[in-house]
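All remarks here apply to the structure that follows.
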Amino acid sequence: MLSLLREPLFYWFFISAFTGLVWLVFIDGHLDPDNRSWRHRFLLMLLFACCLVLVFSANERKFVWVMLGCAVFTAVSFWVDFLNPFMFVPYDVPGANPGRGAGLFVNANQAGNSLVAMCIAIMPFIPVRWRVFVMAIMLMGVFPTFSRSSMLFAILVALVWIWRGQFDKKALIVLLFIMLPVGLWGGSNLLTTGLESAEVPDENLVTRLNFFTKLGETGDESAAARKRVAEYSLQKFYDNFLFGIGTGNTTVDSKKWDYRVSSHNMYLLFLLEQGIFGGILYLSFLGYIFARGLLVMKYSETQQGGDIGLALILMAFYFSFIGLFSHTMLYEPVSILILAFLLAVSRRMDNRRGMMV
C-alpha cells in the first residue's frame, strides 16, 4: 500500500477522476446517469492502483516472460486474423475493423498500440544479444493491423533503440542483412495472400499502404474524417476554452457535442471536456512520465536501470504521439498495466538505492 501512496501518478489519476466528476456536475448542473465517462475515470484510477500494488511485489523476470509470451501470441494472432477474416471477431461487432488484423483486441488501432507498448516494456529485461527478436516481433506484428499511427510509432521506437545502442552489434547485423530481407519477403507473400481474400474489400488496406509509399499523402475517408473532427473540436474548444463542455460530453450521443464521432485526440478530449485545466492535466501526465524516465536514466547505476528509464521516456512519447490520433489512450488496460509495471520496477530501484526520486 505504501508503494501506491508514494507514487505521484496515483494522485494524478485521483485528481483526474475527482475533477471529472466536479466538471460534469458544474457544467451540466446535475449528474446524468447516462454519462459514464466520470465512472470510467474512477475505474481507471482503481485499475492503475491495483496494477501498481500487484506488480510491485511480483517477480519482474516472470512477469516479463509472461508478457513476452503475450507479445508473441499477439503478433501471430494479428497475422492469423488478417489471413482469416472474422476468425476472432464477427463482422457485425461494433468497433471491429474488417480486413485488418486485431486478434482478440477487436479494434486494430488499439491492437497495434498495445503490441508496441508491450515490446517497450519487455526490452530492458531481455539480454542484449536477443533484443533484436523483440524489435522483429514489434515491427512484423504491428504491420497487419494497418494502423498508421502504430506503424509510424513502432518505426520511431526502433530507431531510438538503435540510436541508444540497445542491441548487440553482431545481432543487429544479422537483423539488417538476414532477418529483415527474410521478413520482408515473407511479409509481402502473406500480404498478397491476405489481399486476395474475397471476404473483405481491400480498398481501405491499399489506401493505408499508399500513405507510406506516397510519404503521408492520402485521400482515404478515415484521414479526411479525422481532419474534419479536429477542425470541429478546435472550434468547439475556442467557444468553451475556459471550462470546456463537461466530462463525457464529447460522446456521439451528447447534445453538447452534436457530431457523429468523438475527438480522436487525447489533447482535444481533455481540452474539450475541462477547458484549459484539462489541457494542463493531460500535459502534466505526459511530463511526469517523461521526467521520471530522465531521472531514472540519470541516477541509474546499471545498464538495465538506464534501459528502464528509456522505456519510461518511450511510454511518454507513446501517450503523446498516439494521443494525437486516439481518444481512448487512457481506457486501454494493457497500456495502464505496462505503465504501472515500469513505474513499480523503477521505484524498487529507488528503494534499493535508498533514494526518493
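Evaluating residue 127 against the criteria (1) modelled with pLDDT of 90 or more; (2) surrounded by 19 or more Cβ atoms within 10 Å (Cβ to Cβ) leaves one unmet condition, (2).
Residue 13 falls short on exactly one of the conditions (1) part of a helix (DSSP H, G or I); (2) in contact (Cβ under 8 Å) with a residue 60 or more places away in the chain; (3) crowded, with 19+ Cβ neighbours inside 10 Å, and that condition is (2). With respect to the conditions (1) aromatic (Phe, Trp, Tyr); (2) surrounded by 18 or more Cβ atoms within 10 Å (Cβ to Cβ); (3) in a helix (DSSP H, G or I), residue 238 lacks only one, and its number is (2). For residue 300, the conditions (1) modelled with pLDDT of 90 or more; (2) surrounded by 17 or more Cβ atoms within 10 Å (Cβ to Cβ); (3) under 19 Å from residue 161 (Cα atoms) all hold with the exception of (1).
You will find that of 287, 323, the residue that is modelled with pLDDT of 90 or more and over 27 Å from residue 251 (Cβ atoms) is 287 and no other. Is there a residue in region 75-89 that is among the aliphatic types (A, V, I, L, M) and crowded, with 19+ Cβ neighbours inside 10 Å? So far as region 75-89 goes, yes, one or more of its residues are among the aliphatic types (A, V, I, L, M) and crowded, with 19+ Cβ neighbours inside 10 Å.
The C-beta contact set for region 138-167 (first residue surrounded by fewer than 17 Cβ atoms within 10 Å (Cβ to Cβ), second residue assigned to a helix (DSSP H, G or I) and not polar (S, T, N, Q), distance under 7 angstrom, 6+ apart or interchain) comprises 160/314; 164/310. The condition of being at pLDDT below 95, in a helix (DSSP H, G or I) and surrounded by fewer than 23 Cβ atoms within 10 Å (Cβ to Cβ) holds for only one of 295, 268, that being 295.
Among the candidates 107, 113, 59, 97, single out the residue that is more than 18 Å from the chain's Cα centre (by Cα) and among the polar types (S, T, N, Q). The match here is 59.
The values are calculated or read from the model by the stated rules, or taken from the named source; none is laboratory data. Keep in mind that what you see is a predicted model, and the values were worked out from it rather than measured. Please note: Cβ atoms are built from the backbone with ideal geometry, for glycine as well, and neighbour counts cover all protein chains shown.
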